[in-house]
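To start, the structure under review is shown below, and the notes come after it.
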Amino acid sequence: QVRLVESGGGLVQPGGSLRLSCEASGGTFSIYSMTWYRQVPGKERELVASISSGGGDTTYADAVKGRFTISRDNAKKTVYLRMNSLKPEYTAVYYCNVFATTIWGQGTLVTVSS
């Protein structure tokens, strides 16, 4: 059974940057496409970015294109989300997910505020 653990969230000022990490254990990480989602209380979870198993293909939500970069290191069983030029509206709990499964991490809170 695959288990995911996110880290790297925290408080950051508008315009700042953060890098989120999601480390997997169990399973064969290198065969999974991975995704990052975010959720604001009272709203549905929304897809932020996705990456193919080998890392060669990535997709982004329009709201984060040019600001966020998803990447992965299969040797470390880790997927990353680099977030630049952060805005207050990006405040949310960020979750990683094994694509097309119900396997989720516990989430990491990102708060963008001055």
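The values are calculated or read from the model by the stated rules, or taken from the named source; none is laboratory data. Model, not experiment: these values are computed from the prediction. Don't worry about glycine lacking a Cβ; one is built from the backbone with ideal geometry, like all the others, and counts go over all protein chains shown. Just so you know, the surface numbers come from the protein's heavy atoms only, side chains and all, with ligands and any DNA or RNA stripped out. Shrake-Rupley method; radii C 1.70, N 1.55, O 1.52, S 1.80 Å.
Descriptive notes on the structure:
- Filtered by the rule that a residue be over 14 Å from THR35 (Cα atoms) and out of contact with any strand residue (DSSP E or B) (no Cβ under 9 Å at 6 or more places or on another chain), the stretch 75-109 gives ALA75, SER85.
- Taken over the stretch 19-36, the criterion of being open to solvent by 30 Å² or more (accessible area, probe 1.4 Å) and either modelled with pLDDT of 95 or more or assigned to a strand (DSSP E or B) (or both) is satisfied by ARG19, GLU23, SER25, TYR32, SER33.
- Hey, LEU4 modelled with pLDDT of 95 or more and in contact with a Gly (Cβ under 8 Å, 6 or more places away or on another chain) or not: yes
- Residue in the stretch 38-55 that is of a type in the set (Lys, Arg) and open to solvent by less than 30 Å² (accessible area, probe 1.4 Å) present: yes
- Boolean, GLY55 is without any contact (Cβ under 8 Å) to a residue 60 or more places away in the chain, of a type outside the set (Phe, Trp, Tyr) and out of contact with any strand residue (DSSP E or B) (no Cβ under 7 Å at 6 or more places or on another chain): no
- With respect to the conditions (1) assigned to a loop (DSSP other than H, G, I, E, B); (2) open to solvent by 60 Å² or more (accessible area, probe 1.4 Å), GLY16 lacks only one, and its number is (2).
- LYS65 being open to solvent by 20 Å² or more (accessible area, probe 1.4 Å), basic (Lys, Arg) and touching a residue at least 40 places away in the same chain (Cβ under 8 Å): no
- Just one of (1) in a loop (DSSP other than H, G, I, E, B); (2) within 15 Å of the chain's Cα centre (by Cα) fails for GLY54. It is (2).
- A count restricted to the stretch 85-114 and to residues that are over 21 Å from GLY56 (Cα atoms), open to solvent by 50 Å² or more (accessible area, probe 1.4 Å) and either of a type in the set (S, T, N, Q) or in contact (Cβ under 8 Å) with a residue 60 or more places away in the chain (or both) stands at 9.
- Residue in the stretch 82-96 that is of a type in the set (Lys, Arg) and not in a strand (DSSP E or B) present: yes
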